[in-house]
Amino acid sequence: MPTDKCLIATAARHGVDHCDAEDARGYLVVFASETSVPWLRLLRPGFRHCFLVVRMHGAWVSIDSLKTRLEVDILPAGPDFDLARFYAERGFRVLVGRRPPLGDAGRFGLRPLTCVEVVKRALALHAPRVLTPWQLWRHLLARGARAYGQS
């Protein structure tokens with residue numbers, strides 16, 4: 001059975017667009033309830049795991065910190081494919097935002113390599129008190145991201 005990510009790649013092969021500067025800064029942070037890690041079930045439903053999808057060179061790149069590995073996939077969804085809607089229709093919560101320009105995000109220090117930490121580092125967020133997916137959701141909303149499906 002193909003995964004959802006494989007379905008995206010297959011459905012979108014009809015044409016990878018050339019990204020422009022505006023497109024290249026976009027990101028999605030996708031939040032999930034499902035987890036195979038028992039202790040994560042103590043976290044708020046809907047916010048037990050998260051992963052980042054960034055727009056680069058006409059494709060989406062998914063960065064997902066799993067229990068045993070860091071998974072990076074290219075999802076070449078074309079310009080007409082609504083990836084945020086794709087995830088939302090499958091029960092995920094989705095934040096849509098724009099990555100800040102590269103710069104000094106401050107010191108990151110030593111912290112466990114969790115899904116939240118991977119997203120924070122990829123987005124250059126210095127937010128040492130943000131430890132859970134729910135806290136990340138609230139932090140990103142405060143920084144201007146918007147929840148998909150809401151104005």
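The values are calculated or read from the model by the stated rules, or taken from the named source; none is laboratory data. Worth saying up front: this structure is predicted, and the values here are computed from it rather than measured. Methodologically, a virtual Cβ is constructed for each residue, glycine included, from the backbone with ideal geometry; neighbour enumeration extends over all protein chains shown. What goes into the accessible areas is simple: the full protein's heavy atoms, side chains included, and nothing from ligands, DNA or RNA. Shrake-Rupley method; radii C 1.70, N 1.55, O 1.52, S 1.80 Å.
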note = If the chain between Leu42 and Arg85 were fully extended at 0.36 nm per residue, the gain over the current Cα-Cα distance would be 12.7 nm
request  = Go through region 112-121 residue by residue and turn each phi into a ³J(HN,Hα) via Karplus (6.51, -1.76, 1.60, θ = phi - 60°); whole Hz please, and just put x for glycine and proline.
outcome  = x, 7, 9, 4, 5, 5, 4, 5, 4, 5
request  = Return the FRET efficiency for the residue pair Glu71, His139: r is the Cβ-Cβ distance, R0 is 35 Å, and the value is rounded to the nearest 0.05.
outcome  = 0.90
note = If amide H atoms are modeled at 1.01 Å from N in the peptide plane, then the residues at a separation of 5 or more from Gly46, or on another chain, having amide H under 5 Å from its own are Ser33
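Can you sort Glu89, Glu117 by 1.4 Å-probe accessible area, starting with the largest?
Sorted descending by solvent-accessible area, the residues read Glu89, Glu117.
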ask   = Which net charge results for the neighbourhood of Leu131, defined as the other residues with beta-carbon distances under 11 angstrom from its beta-carbon, given Lys and Arg at +1 and Asp and Glu at -1?
value = +2
ask   = So, in nm, how far is label Glu34 from label Met56 when the simple model puts each one 7 Å beyond its Cα toward the Cβ?
value = 2.6 nm
Listed residues His57, His139 arranged by accessible area, highest first, probe 1.4 Å = His57, His139
key: Extension gain from Arg25 to Arg146, taking 0.36 nm per residue of separation minus the Cα-Cα distance   = 42.1 nm
